[in-house]
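A short write-up of the structure that comes next.
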Amino acid sequence: MTLADNAAQSRANEHQTKRPSRLFKNMTAKVASIPMVLTALVVFVGCTAWTITYSFTNSRLLPRLEFVGWDQYDRLWSTRRWLISIENLAIFGICSLILSFVIGFTLAALLDRKIRGEAVFRTIFLYPFALSFIVTGLVWQWILNPDFGIQQVVRDWGWESFVFDPLNNADIVIFGILIAGIWQGSGFIMVIMLAGLRGIDEDIWKAARVDGIPTWKTYVLVIIPMMRPVFVTALVIITSGIIKVYDLVVAQTSGGPGIASEVPAKYVIEKMFQSQNLAQGFAASTMMLLSVLVVLIPWAYLEFGGKKRG
Amino acid sequence: MHSVEIKDLDLSFGAVKVLQGLNLDIHDGEFLVLLGASGCGKSTLLNCIAGLLEATDGQIFIKNENVTWKEPSERGIGMVFQSYALYPQMTVEGNLSFGLKNARVPKDEIARRVARAAEILRIEPLLKRKPGALSGGQRQRVAIGRALVRDVDVFLFDEPLSNLDAKLRTDLRVEIKRLHQQLGNTIIYVTHDQVEAMTLADRIAIMKGGAIQQLASPSEIYNRPRNKYVADFIGSPAMNFFEGVLDGGTFRVGDLSFSTEGYEFEKAPSGPAFMGIRPEHVATGDSATAQPIQLESTVELVEPMGSDTLVWATVAGERFRIRVDGQTEIRARDPIRIGFSAAQASFFDAASELRM
Amino acid sequence: MADTTVSLAMEGPRGPKPRRRLSPRNIMLYGTLIVVALYYALPLYVMIVTSLKGMPEIRLGNVFAPPVEITFEPWVKAWSEACTGINCEGLSRGFWNSIQILVPSVFLSIAIASVNGYALANWRFKGSEVFFTILIFGAFIPYQVMIYPIVIILREMGDGISAVTGTEFRLMGSIWGLVLVHTVFGMPILTLLFRNYFTSVPEELFKAARVDGAGFWGIYFRIMLPMSLPIFVVAMILQVTGIWNDFLFGVIYTKPETYPMTVQLNNIVNSVQGVKEYNVNMAATLLTGLVPLVIYFVSGKLFVRGIAAGAVKG
């Protein structure tokens, strides 16, 4: 045994020099991951850090590292256009969250009742999601046109004094955009909710039926609580989408009438690329990032906090 | 002649130590079964031997060559997986020849080896089919064939029969044993099924917590388990245990005292201990009277299984299992006479749980 | 006694329970679904009818009225003559620009993301999960935050390439710059999609291939790629619709000559010059929406799988 041990030892020593270095282990995989690493570090981390840094400067036409403290943020929060943008985003965000969840879940629940023609309904509810925001915005701009659209149709039916002209009324223009936004986005929520509903064990429904619980009560007391993770994930995705809303407004109203339907994303782009006020744009975009983080961090904490992810 | 040698093998994932200072020598042509409950490290050990997991410390030799840092394909092993792991988009022939093509084996040599493996496993008619069109048993044959064509000395089997139904499992088990006799390769076979282990193995290594509890022939493991864990793990229904005190020639448990006559102690028989007796070594009725230890009890539950019947009773306050012939007439609440002998029992030290 | 039980059994309910097809529950259910379906289908209908009417007819009627006299002239005009305020070449230029942007973007982003996902699923290395986490969180960062630094990066990279090759090359404002941007921003969702898919491939298959001596690229091209064609189709659908529908990146990283179709469309419809030709506008809108719509109606479940990929955890 000792002889064999010695022999083994010497054989081991021969190979000692060949141990591959840690760095070169999995080398191909590391080289193949370079695009991902660059994207993560240079674009997502690097560019974000760059923008935040420059938001504290007085850059105008070109980025310059002359720090001015919180000046840009002070200016931002005293700009009427920004305040309107924030107010619009808040109204649009809250309303579209509530409406798209209610509509999306209701539709999913209806489709989940083993109905005929489910595929047809699903196809109709979801097709707007395949379209560009530009297309959506332009179609609804046309449908809401006061001279030819819904308002005129109702007047032609005999209700002469009917008024429904959201796109030209500064007080309610954001709801005009909301209609289009819901039309485009609620199908997506429906799909996610439907996937969630389909993921629920059939036996739960059988058990509820044996226990004699009414369908609506089963939804409220059993199914919705079980779908909490689906709701939370959908919420995060939708919220981060809402904060980015830009194309829809550009196409439907161009921010008008006046500045009544401005949104933060549009403010940022215009400050950066049209008003040559870069640092103001950076500050505004940093605020957008901040509002995403407000949603994202609690979610990430709930989702990944405590347990390690495999 | 050693076929596979494992020296002081350590493997940890972060802070979790899966294998610790593991040593194992496997002889040429041996059929070695790694047996244990799930999470005992048996599959991990097999993956280390295959080179699919990298050892944290220690060495692995195959055919006297240190392969610790070698790629799986360079180790001279063939491997069969539980889920068959056949490449779904390739035909059976493609599956068998994929490894050889990667090793740049000449075409006619590939054809020769594939034909030979197909003949041994009787899968020639299936060569042009895709795995999706095969039954479970056929898939597993192809998976074995993939190991076969590599012309290697060591086969690694990772629970190869677990995905098959009971009937097929028995058939393929016999076929694997026949294959081993025919080819004479070294086989390392991981399973959690003790019947597979007992029927196939030349030696069984029972693992728990990343360490080998006992490495011995099936009969040695069954008759002379090294420790209480092995005794409890092997055998179905499981061994009956009494906790008591050894004192010279008697084992006292509660008010009862059993003679230990006929048992060959390895250590001085004294102090607190466990006594274990297998359900099939317990006699009942008239034959019980011929046994040195005799008791009276009442039947609590009867589980007829056809060929034999499992009887549950209580002895010395412990649940007690007895295996009787399937034809025995026995009902719950019947009085029952039990007899057994210390010669067939096992004694374990209460503290170390090692065989005494 | 025995007699009565038998007769009772004969009289009681037997066979399938009778079901009314027009139960109040069904009327409610289908009624709701049909009304909602009308709301969703309406805009598509409006687009189609408007685009087939002549301007006089539009001025007389309303948006919902079907066309009395069908004309395809608005379609022709939208495609080749409509004005943006800068040029009067219609949508066709935007269409071809979009195609030129789309093809390399889709190919490049899927190629890179599938390899990333494969490396993350099967060849994890120290730190790979950290980069993946950054990537996923990056998907939530508003683009506006990263847009300007990327302008600088593209400009510098273009200058770098020009200096190395000795020829004038610009990334900023060119189609290639936009391709790069689409590749970068498509990476999080696609990498997630591929990683989850490759993780679901049994690990033993990967182990078997390693025992068979296949390496990183061998396993990718010979084992993984052939068995994952459906997920590549899903990724393609996701990318084609996503890139086609993009407006923001198109407007920022290209010049008027290379504007994609969505930007061209917006410029045509929201151009303040001349008389508004609603029929031409709707034809243009419909034309732009046609590519994703066709993909959507043809692909069906695969489209759903693509958009649900981000929401369903893996």
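The values are calculated or read from the model by the stated rules, or taken from the named source; none is laboratory data. The structure presented is a predicted model; accordingly, all values stated were derived computationally and were not measured. Here the Cβ positions follow ideal geometry from the backbone for every residue, glycine too, while neighbour counts run over all protein chains shown.
Let me spell it out: the conditions are (1) surrounded by 21 or more Cβ atoms within 10 Å (Cβ to Cβ); (2) modelled with pLDDT of 90 or more; (3) β-branched (V, I, T), and C:V233 meets all of them except one. Which number is the exception?
(1)
Could you pull out the residue among C:I141, C:I99, C:I134, C:I147 that is surrounded by fewer than 17 Cβ atoms within 10 Å (Cβ to Cβ) and β-branched (V, I, T)?
C:I99
Across the range B:149-162, what is the total count of residues that are modelled with pLDDT of 90 or more and either assigned to a helix (DSSP H, G or I) or of a type outside the set (A, V, I, L, M) (or both)?
5
Please note which helices (runs of 4 or more DSSP H) are completely contained in the range A:120-222 and include at least 2 residues that are surrounded by 14 or more Cβ atoms within 10 Å (Cβ to Cβ) and more than 12 Å from chain C (Cβ to nearest Cβ).
A:173-198, A:202-210
If I ask for residues that are small (G, A, S) and within 12 Å of another protein chain (Cβ to nearest Cβ), which ones from the range A:89-119 would you list?
A:G104, A:A108, A:A109, A:G117, A:A119
Give C:A78, C:A113 a once-over and let me know the one that is surrounded by 15 or more Cβ atoms within 10 Å (Cβ to Cβ), in contact (Cβ under 8 Å) with a residue 24 or more places away in the chain and outside the structural domain of C:F132 (by TED's automatic domain parsing).
One residue alone meets the criteria, C:A78.
Among the residues of the range B:89-96, are any crowded, with 22+ Cβ neighbours inside 10 Å, outside any strand (DSSP E or B), at pLDDT 90 or above and among the β-branched types (V, I, T)?
Yes: the range B:89-96 contains one or more residues that are crowded, with 22+ Cβ neighbours inside 10 Å, outside any strand (DSSP E or B), at pLDDT 90 or above and among the β-branched types (V, I, T).
Across the range C:81-90, what is the total count of residues that are buried (at least 18 other Cβ atoms within 10 Å of the Cβ) and touching a Ser or Thr at 6+ places or on another chain (Cβ under 7 Å)?
2
Quick check: is even one residue across the range B:213-222 in contact (Cβ under 8 Å) with a residue 24 or more places away in the chain and over 27 Å from B:N47 (Cβ atoms)?
Yes; the residues of the range B:213-222 include at least one that is in contact (Cβ under 8 Å) with a residue 24 or more places away in the chain and over 27 Å from B:N47 (Cβ atoms).
Residues of the range B:11-38 being in a strand (DSSP E or B), surrounded by fewer than 16 Cβ atoms within 10 Å (Cβ to Cβ) and at pLDDT 90 or above, which ones?
B:N23, B:H27
Which residues, taken from the range B:298-324, are surrounded by fewer than 19 Cβ atoms within 10 Å (Cβ to Cβ), closer than 15 Å to B:P335 by Cα and in contact with a Ser or Thr (Cβ under 9 Å, 6 or more places away or on another chain)?
Those that are surrounded by fewer than 19 Cβ atoms within 10 Å (Cβ to Cβ), closer than 15 Å to B:P335 by Cα and in contact with a Ser or Thr (Cβ under 9 Å, 6 or more places away or on another chain): B:T298, B:E300, B:V302, B:T314.
Is it the case that C:S228 is of a type in the set (S, T, N, Q), more than 8 Å from every other protein chain (Cβ to nearest Cβ) and within 30 Å of B:V105 (Cα to Cα)?
yes
Examine the range A:266-280 for a residue that is surrounded by 17 or more Cβ atoms within 10 Å (Cβ to Cβ), more than 7 Å from every other protein chain (Cβ to nearest Cβ), among the polar types (S, T, N, Q) and part of a helix (DSSP H, G or I), and state whether such a residue exists.
Yes, the range A:266-280 contains a residue that is surrounded by 17 or more Cβ atoms within 10 Å (Cβ to Cβ), more than 7 Å from every other protein chain (Cβ to nearest Cβ), among the polar types (S, T, N, Q) and part of a helix (DSSP H, G or I).
For B:A85, work out the one condition from (1) buried (at least 23 other Cβ atoms within 10 Å of the Cβ); (2) touching a residue at least 60 places away in the same chain (Cβ under 8 Å); (3) not in a helix (DSSP H, G or I) it doesn't fulfil.
Going through (1) buried (at least 23 other Cβ atoms within 10 Å of the Cβ); (2) touching a residue at least 60 places away in the same chain (Cβ under 8 Å); (3) not in a helix (DSSP H, G or I) one by one, B:A85 breaks only (2).
Residues in the range B:100-112: is at least one within 14 Å of chain C (Cβ to nearest Cβ), loosely packed, with under 15 Cβ neighbours inside 10 Å, on the phi > 0 side of the Ramachandran plot and not in a helix (DSSP H, G or I)?
yes
Kindly provide the set of residues from the range B:39-49 that are buried (at least 22 other Cβ atoms within 10 Å of the Cβ) and facing another protein chain (nearest Cβ under 9 Å), ordered by number.
Hits for the range B:39-49: nothing passes.
Out of C:L302, C:L238, report the one residue that is crowded, with 22+ Cβ neighbours inside 10 Å, more than 10 Å from chain A (Cβ to nearest Cβ) and over 19 Å from C:V46 (Cα atoms).
Only one candidate passes the filter, namely C:L238.
Could you look through the range C:285-314, keep only residues that are in a helix (DSSP H, G or I) and small (G, A, S), and pick out the one that is farthest from C:N196 (Cα to Cα)?
C:G289
Mind checking which residues of the range C:265-284 are part of a helix (DSSP H, G or I), at the interface with chain A (Cβ under 7 Å from one of its Cβ atoms) and over 16 Å from C:E73 (Cβ atoms)?
C:L265, C:N266, C:V269
Of all residues in the range C:274-301, how many are of a type in the set (V, I, T) and without any contact (Cβ under 8 Å) to a residue 24 or more places away in the chain?
So the count comes out to 3.
Quick one: which strands (runs of 3 or more DSSP E) lie wholly within the range B:196-293 and hold at least 3 residues that are of a type in the set (A, V, I, L, M) and either crowded, with 19+ Cβ neighbours inside 10 Å or at pLDDT 90 or above (or both)?
Per the criteria, B:203-208, B:211-216, B:270-277.
Of everything in the range A:43-58, what is surrounded by fewer than 19 Cβ atoms within 10 Å (Cβ to Cβ) and among the hydroxyl-bearing types (S, T, Y)? Give them in sequence order.
Across the range A:43-58, the qualifying residue is only A:T53.
Just checking: which of the helices (runs of 4 or more DSSP H) contained wholly in the range C:62-181 hold 1 or more residues that are of a type outside the set (A, V, I, L, M) and away from every other protein chain (no Cβ under 14 Å)?
C:73-80, C:92-122, C:143-165
Yes/no per residue for (1) surrounded by 11 or more Cβ atoms within 10 Å (Cβ to Cβ); (2) part of a helix (DSSP H, G or I); (3) among the polar types (S, T, N, Q); (4) modelled with pLDDT of 80 or more:
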{"site": "C:T4", "(1), (2), (3), (4)": "no, yes, yes, no"}
{"site": "C:L8", "(1), (2), (3), (4)": "no, yes, no, no"}
{"site": "C:K17", "(1), (2), (3), (4)": "no, no, no, no"}
{"site": "C:L22", "(1), (2), (3), (4)": "no, no, no, no"}
{"site": "C:L33", "(1), (2), (3), (4)": "yes, yes, no, yes"}
{"site": "C:L38", "(1), (2), (3), (4)": "yes, yes, no, yes"}
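Residues A:L110, A:L76, A:L89, A:L99: which one is under 26 Å from A:A260 (Cα atoms), assigned to a helix (DSSP H, G or I) and either of a type in the set (V, I, T) or over 21 Å from the mean Cα position of the chain (by Cα) (or both)?
On inspection, the qualifying residue turns out to be A:L76.
Out of all the residues in the range C:253-261, is one or more facing chain A (nearest Cβ under 10 Å), part of a helix (DSSP H, G or I), touching a residue at least 60 places away in the same chain (Cβ under 8 Å) and surrounded by fewer than 24 Cβ atoms within 10 Å (Cβ to Cβ)?
Looking through the range C:253-261, none of the residues is facing chain A (nearest Cβ under 10 Å), part of a helix (DSSP H, G or I), touching a residue at least 60 places away in the same chain (Cβ under 8 Å) and surrounded by fewer than 24 Cβ atoms within 10 Å (Cβ to Cβ).
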